[in-house]
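A quick write-up on the structure given underneath.
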6 protein chains.
Amino acid sequence: MTSHEAARSSSPDFGAQLAAGAIPILPFGALEQHGPHLPLATDTIMADGLARRIADEVGGILLPPINYGQTSDNAAFPGTITLSFDTVRAIAKDIAAALAAQGARGFVVVNGDFGNQAPLRQAAREISEQLGIGVLVVNYPGMAEIAAELCTTAPAGLGLYHAEEFETSLVLHLRPEDVRMELAVAEYPVYPPTFPAVLTGLDKLSRSGVFGDPRPATAALGATLMDRLADEAIELVNAFLLTLPVQDP
Amino acid sequence: MTSHEAARSSSPDFGAQLAAGAIPILPFGALEQHGPHLPLATDTIMADGLARRIADEVGGILLPPINYGQTSDNAAFPGTITLSFDTVRAIAKDIAAALAAQGARGFVVVNGDFGNQAPLRQAAREISEQLGIGVLVVNYPGMAEIAAELCTTAPAGLGLYHAEEFETSLVLHLRPEDVRMELAVAEYPVYPPTFPAVLTGLDKLSRSGVFGDPRPATAALGATLMDRLADEAIELVNAFLLTLPVQDP
Amino acid sequence: MTSHEAARSSSPDFGAQLAAGAIPILPFGALEQHGPHLPLATDTIMADGLARRIADEVGGILLPPINYGQTSDNAAFPGTITLSFDTVRAIAKDIAAALAAQGARGFVVVNGDFGNQAPLRQAAREISEQLGIGVLVVNYPGMAEIAAELCTTAPAGLGLYHAEEFETSLVLHLRPEDVRMELAVAEYPVYPPTFPAVLTGLDKLSRSGVFGDPRPATAALGATLMDRLADEAIELVNAFLLTLPVQDP
Amino acid sequence: MTSHEAARSSSPDFGAQLAAGAIPILPFGALEQHGPHLPLATDTIMADGLARRIADEVGGILLPPINYGQTSDNAAFPGTITLSFDTVRAIAKDIAAALAAQGARGFVVVNGDFGNQAPLRQAAREISEQLGIGVLVVNYPGMAEIAAELCTTAPAGLGLYHAEEFETSLVLHLRPEDVRMELAVAEYPVYPPTFPAVLTGLDKLSRSGVFGDPRPATAALGATLMDRLADEAIELVNAFLLTLPVQDP
Amino acid sequence: MTSHEAARSSSPDFGAQLAAGAIPILPFGALEQHGPHLPLATDTIMADGLARRIADEVGGILLPPINYGQTSDNAAFPGTITLSFDTVRAIAKDIAAALAAQGARGFVVVNGDFGNQAPLRQAAREISEQLGIGVLVVNYPGMAEIAAELCTTAPAGLGLYHAEEFETSLVLHLRPEDVRMELAVAEYPVYPPTFPAVLTGLDKLSRSGVFGDPRPATAALGATLMDRLADEAIELVNAFLLTLPVQDP
Amino acid sequence: MTSHEAARSSSPDFGAQLAAGAIPILPFGALEQHGPHLPLATDTIMADGLARRIADEVGGILLPPINYGQTSDNAAFPGTITLSFDTVRAIAKDIAAALAAQGARGFVVVNGDFGNQAPLRQAAREISEQLGIGVLVVNYPGMAEIAAELCTTAPAGLGLYHAEEFETSLVLHLRPEDVRMELAVAEYPVYPPTFPAVLTGLDKLSRSGVFGDPRPATAALGATLMDRLADEAIELVNAFLLTLPVQDP
């Protein structure tokens, strides 16, 4: 199907797409440190990349991304510009309210930042209870399994995939001009026994900001990883679409 | 001087730029109807375009744009996805707080959306009082005079420049592939005597969403307009920079 | 027509007036420095004076004034007692909600303080969206033109009319016993190039708190100015009244 | 001593008074039904009258009154324009913050409305904890005893003195032109056994809005009542003043 | 009748009780200093004890207690763990909303802490206005009279009954194992003339935290006091129940 | 070591324990459906049970439990009385602030309810940033592994352990008198493909409210499970204690 890019659409075109039942898809990213070799926009690049794949497949409306997220765990690293929990929540609720008012059947958020998961889930709860529009939050479904299958290096553990082979490959695939592989270093944290039960600045765990080993990353692997993430995500979105009311013709 | 694009920078590079005294510059846009011929991202395109000019001139750090704004006056048009006043305010405050914590000397917001002016001004008040970082909000300085001098068509009046010759020329200059001039129509509102003292949905004043006449717009005029806006804005930013503390070497 | 002063009315009388379709009119003032010769209540005196003129003309219900406003730009001067943006907003919303619950057809706010404009506009937006009662905020319509035509001294520029000929004449007209013309001094600010784009305490721009030249002010000029402001305001209010639902008999 | 009326003072005069140690005194009133014979501003009239007596005695700075209060229990009567609990709280906190910033030694609120007691007490708690300025809230000290001693009619019980002999006499003393004794009626509520443990609209308890018997009220009694209230209040304020830091000369 | 303890009930049993019209009863306590001889949970023990008596009499559903309250006046004493005003308000509102959504006919709060009275009253106001469920807040009805009649020692005055004969007897009755009578001391405060008009930490008034004389307290007196409190409270609750809608069979 | 139960302690005793460096431990529970055989307080029973074990081991101060939690996913089942996300957050923050003001070295929350995890984590973030007191949130560490090793029935999947063998055994161990094994039924949900990415009322997934098979549960297994949970939790708490400042003697 054909996706539609809201930022580039005119108002009447957006209206026509919505009337035809197209689902708005919002990439929610972050501006956050990703080591010395990846750009600060890494999470946005990845969320936007996955959202485009979904939109193409289901004929959705790709909304322009939110370029900032809740990233306070990385706040001690330069360039991490964090929004608060409540601001992330408010952004998602405002956009959902506007979409509901315009008659959208449902709303998909593709989230690229770990710290956004909790505020987006809370926003989804309040949207469901207050707005009567279905919301799906997509958080890289199947990521751990896909990484385990396809990456050549060990993960940093405890669910942390940050600036390592997985993320680096995806950015090499999506935005190679912003990656400086010559600066890529591997670093594996030694987690204190209280992690993650006690909140800990990630600068206490990694000097470089890398969690894992990015050095074997390739664009080709990134393309494969994106295919697999997209497969999982599209399956999830299609299941979600089946739960939504059919658009009146 | 050389500007730096935060989205494309690594964390250490961002830190080095800030340490050297570079000023972060945030384009604050909107997703809002701009008639049948301009894209919904028009305000973001313009704010981002102006912010780049400023950043290039003063060696600033260009932050990734906020792609949504407070646009409730246009909420009845398809594709207008409005944030609330308080969300716009919170976004600006959160980003300022993060920048202040990282040692930024000051903070420039380049705003492209009329509805953002009030919440950004309120945010600036609270940032000044609470965070101790200087903030400058740039709202297209000199726009009315520049438009009066260079545009060939009459403005819609009451300060409204929306999807007409001025804005259309700028988007033709900055993002021509998203303009469909063949759909451009002129429409001049008949303002009710209570406007703008009584809040009025702009759909009550214009069927097309256009306020003025976009038809004579050209990319060449857009380039000239941008030059003039940039001149005014850069003068303002330079005056602002003189008021900031000097970076410790 | 006959106006009604709510503070002096009994409950049944207020009810009868509202049932007859009379519109409540709220003067929103401030307690704010106005130089060495004008009283701190200047903005309230002026808003109340204008509101009375409107109420007399349209048979409105004059509500007791709000004696405080958002005046943080003058906070460094003694006697400026500022409310926050959100408190001004909340007051206007609460009063509108109470009036709507009592069956008022509409609600007029006559604002006398620059700093109240933004929170009252935001309140009006929320009242319109949430309460279903029409709101008109009157901010001295035509003031700049009237001052230009009738005052003999130059304005301070950038829209600032503060404790100068215009305001002083009005207070001489409305409350002469509180003016001490022997202390009136002229002061013209030298605006820094960042004003008003950067928030600046007005104490940085004027030692006396005066912006302009109050010395030629007279009560006679004040009477004329009030006539002209009232003409403009009444025209606006009458236009507003035409947009309201007719009261059921 | 000489009191100072802030509304009528200039900024430098206010500053001089504060520097000399004068204490700001804020009357907090309401716009609330008081039966068919008393004006809606009754609570403001009484609070303002008592505040003037205190200010005269202690050389205080009389602030302009808050003309609205939390009066939701009377919301079903015409002319009751209630603020919310949180708005009353915010007003008191904002004013206290502004006074503290200007160097006031302390702050006295003279409250005339029952519904304001709880939000003012909560505001006082937060002011004490956050602002470091002493606050005294004066709620008609000794009222029940004074009424029992001097009024000729029985009170309505449960602490309710509303539009009866006590209040009517005070308004006859302070603002006789706004009282219409020919409309005064007596009404004694039959309290349901759940009152006041269950919130009950006062319209359920009194058709007229009167609680007690206003008919014997006289201005002379009002003068005596005010003398007695003032004695009690001044004793309290003087005790409060002894707890405050001495002004630096 | 038979009461039901929600904490010990299963979900279906709770549903059946509610469907049969049983009223949920919430004890709202505190963790607050009560001198050297009483446990910190004293207010919770008493509220829970009274709530059980009520629930037994009216066949109510006893909800598990809130073990913390607003106790900032005692914050300087060890072991006083205070909630804020707004948190107490939010807890009561959330629970009322959940009960209303489940079809409860009404809601009784049995409050054991002075500082909870104001936030619970405000919560009750908002619940009544927004949720359409009747709320009764029970604050030890008739306590002063009962204490005057049955206690042998003088009260501390100004309505303060804290860790003295009344409270100590009740805890001796309800939870004797947590009382250490050998540590009981009498202390009578000398109230400053500004108390309670000025907020005053209770540590300023009593070194021991006791207000009165606990030494003659006995479990037998506690049993009698509880009988009397329960009589008063049950009468109030029964009156409240008569005001509620009858459960549909 | 000896634990201390705050609810049963006197104020001086609490102070002495805190001064000796004892750590306060708060069980955060819920009132939530747990099928036809378990009591609504199940989560509180379990959290309290685990907190006691920890307190005994480390000489902590056991705080009285919060008996309600964020349980909106179960809101459609009778007896689920949910607090909002923000109320859970506020409770934890208020208690932490009170403990910090009293000089506590650190603060442990033992959480028994899935829905509390996100608000407690957000509270912990804000406590860390604003209050300067270390916080550890314990969420049944190692639960999935322990259940897999010791339970005889299959889990319901997706991390859901609700009213099945694990929880039932623990309540049989801790509070056998509140379990009605004769009503225990097994139910395994068929998760829709959108679960848990789309918020789904748990009533849509299980008629009984049970997720798994509680029938083989025994008190003996419960004792073993608690031992294992306690081992894991105590190891975590001990690691946390090592990160705290040492109490000044």
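The values are calculated or read from the model by the stated rules, or taken from the named source; none is laboratory data. Quantities reported herein were computed from a predicted structural model and do not represent experimental measurements. Neighbour counts are summed over all protein chains in view; Cβ atoms, including those assigned to glycine, are modelled from backbone coordinates with ideal geometry. Accessible surface areas use protein heavy atoms only, side chains included; no ligands, DNA or RNA. Shrake-Rupley method; radii C 1.70, N 1.55, O 1.52, S 1.80 Å.
Structure values in brief
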{"read-out": "Count - residues of the stretch A:142-159 that are closer than 30 Å to residue A:125 by Cα and either crowded, with 19+ Cβ neighbours inside 10 Å or of a type in the set (A, V, I, L, M) (or both)", "value": "5"}
{"read-out": "In the stretch F:112-127, the residues that are charged (D, E, K, R) and open to solvent by less than 10 Å² (accessible area, probe 1.4 Å)", "value": "F:113"}
{"read-out": "Qualifying position, being at pLDDT 95 or above, among the polar types (S, T, N, Q) and touching a Phe, Trp or Tyr at 6+ places or on another chain (Cβ under 6 Å), among B:224, B:194, B:218", "value": "B:194"}
{"read-out": "Evaluation of residue F:137 against (1) open to solvent by 10 Å² or more (accessible area, probe 1.4 Å); (2) touching a residue at least 60 places away in the same chain (Cβ under 8 Å); (3) away from chain E (no Cβ under 14 Å); (4) closer than 28 Å to residue A:83 by Cα (one fails), failing number", "value": "(2)"}
{"read-out": "Output for the stretch B:197-216, where each listed residue is charged (D, E, K, R) and touching a residue at least 24 places away in the same chain (Cβ under 8 Å)", "value": "B:203, B:213, B:215"}
{"read-out": "Search result, residues across the stretch F:220-249 that are farther than 15 Å from residue F:143 by Cβ and away from every other protein chain (no Cβ under 14 Å)", "value": "F:220, F:223, F:245, F:246, F:247, F:248, F:249"}
{"read-out": "Residue check for residue E:177: in contact with a strand residue (DSSP E or B) (Cβ under 7 Å, 6 or more places away or on another chain), more than 30 Å from residue D:235 (Cβ to Cβ) and among the charged types (D, E, K, R)", "value": "no"}
{"read-out": "Matching residues, the stretch D:17-41, being of a type in the set (A, V, I, L, M, F, W, C) and within 8 Å of chain C (Cβ to nearest Cβ)", "value": "D:18, D:31, D:38, D:40, D:41"}
{"read-out": "Output for the stretch C:195-249, where each listed residue is more than 19 Å from residue C:175 (Cβ to Cβ) and acidic (Asp, Glu)", "value": "C:203, C:213, C:231, C:232, C:235, C:248"}
{"read-out": "Residue F:105 being more than 9 Å from chain E (Cβ to nearest Cβ), more than 25 Å from residue E:92 (Cβ to Cβ), in contact with a Ser or Thr (Cβ under 8 Å, 6 or more places away or on another chain) and among the charged types (D, E, K, R)", "value": "no"}
{"read-out": "Count of the stretch B:214-249 residues which are open to solvent by less than 20 Å² (accessible area, probe 1.4 Å) and either closer than 15 Å to residue B:49 by Cα or of a type outside the set (A, V, I, L, M, F, W, C) (or both)", "value": "7"}
{"read-out": "Output for the stretch C:181-197, where each listed residue is touching a strand residue (DSSP E or B) at 6+ places or on another chain (Cβ under 9 Å) and open to solvent by 30 Å² or more (accessible area, probe 1.4 Å)", "value": "C:186, C:187, C:188"}
{"read-out": "Residues (open to solvent by 60 Å² or more (accessible area, probe 1.4 Å) and not basic (Lys, Arg)) located in the stretch E:160-180", "value": "E:173, E:176, E:177"}
{"read-out": "Yes/no for residue C:121 being part of a helix (DSSP H, G or I) and either touching a Phe, Trp or Tyr at 6+ places or on another chain (Cβ under 6 Å) or under 16 Å from residue C:29 (Cα atoms) (or both)", "value": "yes"}
